[in-house]
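Have a look at the structure below before the remarks.
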Amino acid sequence: MKIKMDFVSNSSSTSFVYISKEMLSKEDFFGAAGVSPDSPVASLFESMFYQLKSSIEGGKTLQSLEDVDALAGGDEFTTEVLERMRDAIKQGKTVTTGHLSSDECLAETLLCTEIFEIESERFYINAYDNYW
């Protein structure tokens, strides 16, 4: 057995993008996730919703194509997601980037340690950036 004695990181962070014309609602999130409000896991998904919403509200809204272009070449978003951001701005949708951390509650930790993409008619979330 090997034991690492110097710095060890157990934290993770994830960048994500939220694209929509309006703020994320709990009903839309539950619908896109396929979770019923009376499901045994509903309270966990409710916590996930509130963590995502809080991160969106505290995130950075991209105002222009130049803002999106500034993200190109980084590790946070794929070329396809960047193109989707550009298209959304051209369509007048709000494009917001945010971050999640595993140093927070269980719901945020779960969101942070898994890559995910959620798409519905009303919104799009992509969180493929993951560092564990």
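Descriptive notes on the structure:
- Single match in 41, 68 (criterion: more than 15 Å from the chain's Cα centre (by Cα) and exposed (fewer than 14 other Cβ atoms within 10 Å of the Cβ)): 41
- Qualifying residue in the stretch 6-23 (condition: surrounded by fewer than 16 Cβ atoms within 10 Å (Cβ to Cβ) and acidic (Asp, Glu)): yes
- Residue 123 of a type outside the set (A, V, I, L, M) and farther than 16 Å from residue 54 by Cβ: no
- Selected residue (criterion: surrounded by the most Cβ atoms within 10 Å (Cβ to Cβ)) from residues of the stretch 80-118 that are closer than 23 Å to residue 67 by Cβ and touching a Phe, Trp or Tyr at 6+ places or on another chain (Cβ under 6 Å): 96
- Checklist (1) under 22 Å from residue 120 (Cα atoms); (2) modelled with pLDDT under 95; (3) of a type in the set (S, T, N, Q) applied to residue 12, failing item: (1)
- Residue tally, condition within 15 Å of the chain's Cα centre (by Cα), part of a loop (DSSP other than H, G, I, E, B) and among the polar types (S, T, N, Q), over the stretch 71-106: 2
The values are calculated or read from the model by the stated rules, or taken from the named source; none is laboratory data. Small disclaimer: the values here were computed from a predicted structure and weren't measured. Backbone-built Cβ (ideal geometry, glycine too); neighbour counts: all protein chains shown.
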